[in-house]
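A short worksheet on the structure shown next.
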Amino acid sequence: MKVINVNKKAKYDYYLLDTFEAGIVLKGSEIKSIRSNGLNLKDSYVRINNNMEAVILNLFIPLYAFSNQFNHEERRERKLLLHKNEIKKLSQKVQEQSLTIVPTKAYLKDGRLKLEIALAKGKKNYDKREVIKQRDTNREIAKALKNY
């Protein structure tokens, strides 16, 4: 398993509750572009259409340098490959508990691109400040122990 990108902003902005592994439908030069240039998960999210299919929006895959005629759109909707009962479970949680679905990690598994998606609940600003404060105190404690 080769990790391509991790969405650090998701861990900062959301409480991550439950994770799923999803495949993704790609076209033409997208996988070659991902292997050479990577991709960007920042600001991307998952939407479920008609309780039938999951699509990821705002996922940025740069253009492949050596493809000329049939290039792909960089930020198009891409279908996610999930089981029907997983999609149903996700859509119920999103509707009932006002959660959102965000991608947390992209990796290659047996030559195929997989996304780790998570059910997430948004953090308030005071929660984010608390996380920053906790991280700073942990850093100071580690520094004091190292110097001791």
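Read the figures in this text as sums done on the coordinates, not as results from a lab. A quick note: this is a predicted structure, and the numbers were derived from the prediction, not measured. Positions of Cβ are backbone-derived with ideal geometry, glycine not excepted, and every protein chain shown enters the neighbour counts.
Given a Förster distance of 35 angstrom, what is the FRET efficiency for residue 21 paired with residue 129, based on the Cβ-Cβ distance and rounded to 0.05? The formula returns an efficiency of 0.60 here. Pairs from the table (42/79; 9/89; 11/133) lying more than 21 angstrom apart at Cα are 9/89. Assuming R0 = 30 Å, can you tell me the calculated FRET efficiency for the pair residue 37 and residue 93, based on Cβ-Cβ distance, to the nearest 0.05? Taking R0 as 30 Å, the efficiency between residue 37 and residue 93 is 0.35. Dividing the summed helix terms, -39500 (n - 2.57) for each DSSP H run of n ≥ 4, by the number of residues in the chain produces a 222 nm estimate of -11000 deg cm²/dmol to the nearest 500. FRET efficiency for the pair residue 146 and residue 3, taken as 1/(1 + (r/R0)^6) with r the Cβ-Cβ distance and R0 = 30 Å, rounds to 0.60. Working note: Karplus 6.51/-1.76/1.60 with θ = phi - 60° gives the range 80-86 the couplings 9, 9, 10, 6, 4, 6, 5 Hz, where Gly and Pro are set to x.
Each label was represented as a point 7 Å from its Cα along the Cα-to-Cβ direction; for residue 53 and residue 74 these points are 2.5 nm apart. What net charge is computed for the residues neighbouring residue 72, neighbours being all others with C-beta under 15 Å from the C-beta of residue 72, Lys and Arg scored +1, Asp and Glu -1? Taking every Cβ under 15 Å from that of residue 72, the sum is +3.
Just so you know, the averaged projected area of the alpha carbon convex hull for the chain sits at 11.5 nm².
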